[in-house]
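Okay, so here's the structure we're looking at.
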Amino acid sequence: MPDFTVDLNQTAQTSDALSAAFTDLQDRLNGVRTQVQALLSEGFQTPTAQQAMQARFDEFSKGFEQVTQSLQDMSQVLKTAGTSFQEADQQIASQFTATA
């Protein structure tokens, strides 16, 4: 049977760090998106390149959002895992004290 080691503090810290990274990256993407939209509407208006740049940026944004969502998902999984292991440990301990 495999051994388990779950450092609840490290798990919680990593979950929090991933969640903070998600928020930071989302904020940065929103800032870049605003700049690109301003450029495309005011400072880079061409017959073809403008549409090509918009399409490329939209593709980039979609991929970036998938990556950042993965960070958020991993954060939630770590948070749930830490909580679940802690609850299981407490339940087992209470069963030992109930039978004493």
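Would you mind finding the longest exposed-site-free stretch of the chain, with exposed chymotrypsin sites (Phe, Trp or Tyr not before Pro) meaning DSSP loop and at most 16 other Cβ atoms within 10 Å? Present the calculation step by step, with values, prior to reporting the outcome.
Numbers: sites that count: F4, F44.
Answer - 45-100.
What net charge is computed for the residues neighbouring S19, neighbours being all others with C-beta under 12 Å from the C-beta of S19, Lys and Arg scored +1, Asp and Glu -1? Could the numbers behind the result be given before it?
Working: positive: K79; negative: D16, D24, D73.
In short, -2.
On a full-extension model of 0.36 nm per residue, what is the gain between E65 and V32, subtracting their alpha-carbon distance, rounded to one decimal in nm? Spell out each step's value before the answer.
Numbers: separation 33, 0.36 × 33 = 11.88 nm, distance 1.29 nm.
So the extension gain works out to 10.6 nm.
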Query raised in the report: Give or take rounding to whole Å, what are the principal axis extents of the alpha carbon atoms in the chain, in descending order?
Result: 81, 24, 17
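Full-extension gain between D16 and Q95, please, as 0.36 nm times their residue separation minus the C-alpha to C-alpha distance. It would help to have the intermediate numbers written out before the result.
Working: separation 79, 0.36 × 79 = 28.44 nm, distance 3.14 nm.
Gain in length upon complete extension: 25.3 nm.
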Query raised in the report: For region 71-76, what does the Karplus curve 6.51 cos²θ - 1.76 cosθ + 1.60, with θ = phi - 60°, yield as ³J(HN,Hα) per residue in whole Hz, taken in order and with x for Gly and Pro?
Result: 4, 5, 4, 4, 4, 5
**Report entry** Between helix 8-38 and the chain: long-axis angle, C-alpha atoms, 0 to 90°, nearest 10
**Finding:** 10
Report task. Would you mind working out the magnitude of the charge dipole of region 8-98 relative to its Cα centre, with +1 at each Lys and Arg C-beta and -1 at each Asp and Glu C-beta, to the nearest 20 Debye? Result -> 180
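Only the coordinates and a few stated rules stand behind these numbers; no lab work does. In this text the structure is predicted, and so the values were computed from the model without any measurement. Ideal geometry is used to build each Cβ from the backbone, glycine not excepted, and the neighbour counts take in all protein chains shown.
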